[in-house]
Amino acid sequence: MEMNNDFAELQELKEQFNILSEKLEKQAIINETLIKESMKKKLSYVDRTYKMYKTAFVITTPLLIALLLLYKASMVLCIFAVLSQIVEMILHRREYRKLNTKGLMSLSHIEAVERVVTFKKNFKRNGIVMLIPGIILFIAFIGLLTDYKFEIGTMIFYLIFCLLALTYEFVRSKNMFSKLDEILKQIEELKGE
């Protein structure tokens with residue numbers, strides 16, 4: 001009799017353990033799904049940033065050429081402006097293609113982490129490198145607009161404009177980097193499961 005009770009209790013414990021195991025397995029699947037959905041949202045932010053760069057390129061390049069020609073800029077300056085725009089777009093395009101936001105989720109954890117870290121490093125480097133022609137173009141454009149009479153009031157106005165543009169770019173880049181850092185954390189969470 002006592003053996004039957006022990007056996008019944010053992011069976012009941014086994015059933016409870018199986019139910020608990022199923023619940024834990026379902027919870028792990030739900031957690032993984034939620035993490036992947038969150039990663040997709042963050043990656044879509046990166047995609048939107050790239051699309052914004054492409055749109056800005058398409059709009060600003062002809063506008064820049066038109067303004068430079070309107071103010072009778074030298075052909076060398078026009079070519080320099082267009083080439084710097086093209087180089088910047090090529091650098092962005094190359095890095096976004098390497099990151100491959102659509103295929104990132106299907107990679108191994110190590111490959112995904114490597115791609116995100118490499119993207120961040122190269123994006124920062126490209127931003128610093130492209131700052132040099134940007135400053136040159138900014139100074140040349142101010143010279144054209146002011147007929148090379150660098151008056152203090154006009155210079156302050158353009159300097160404030162430049163600082164606002166740089167601040168906007170810095171904040172936007174910082175937001176993207178924080179999204180990428182969150183993606184790295186989520187990749188590590190998925191690896192731990």
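The values are calculated or read from the model by the stated rules, or taken from the named source; none is laboratory data. A quick note: this is a predicted structure, and the numbers were derived from the prediction, not measured. Note that each Cβ is placed from the backbone with ideal geometry, even for glycine, and that neighbours are counted across all protein chains shown. These area figures cover heavy atoms from the full protein model, side chains too; ligands, DNA and RNA do not enter into them. Shrake-Rupley method; radii C 1.70, N 1.55, O 1.52, S 1.80 Å.
A few remarks follow.
- Qualifying residue in region 127-150 (condition: β-branched (Val, Ile, Thr), in contact with a Ser or Thr (Cβ under 7 Å, 6 or more places away or on another chain) and in a helix (DSSP H, G or I)): no
- If you check Glu111, Glu95 for being under 27 Å from Met39 (Cα atoms) and surrounded by fewer than 18 Cβ atoms within 10 Å (Cβ to Cβ), only one passes: Glu111.
- Subset of region 155-182 that is among the small types (Gly, Ala, Ser) and closer than 18 Å to Tyr53 by Cα - its residue that is surrounded by the most Cβ atoms within 10 Å (Cβ to Cβ): Ser173
- Matching residues, region 62-92, being modelled with pLDDT of 85 or more and surrounded by 13 or more Cβ atoms within 10 Å (Cβ to Cβ): Phe80, Ala81, Val82, Ser84, Gln85, Val87, Glu88, Met89, Leu91, His92
- Set side by side, the residues Lys120, Lys185, Lys191, Lys124 differ, and just one is open to solvent by 80 Å² or more (accessible area, probe 1.4 Å), part of a helix (DSSP H, G or I), closer than 24 Å to Gln85 by Cα and not polar (S, T, N, Q), which is Lys124.
- Number of positions in region 35-53 that are at pLDDT below 85 and of a type in the set (Gly, Ala, Ser): 1
- Some residue of region 145-154 being small (Gly, Ala, Ser) and loosely packed, with under 12 Cβ neighbours inside 10 Å: yes
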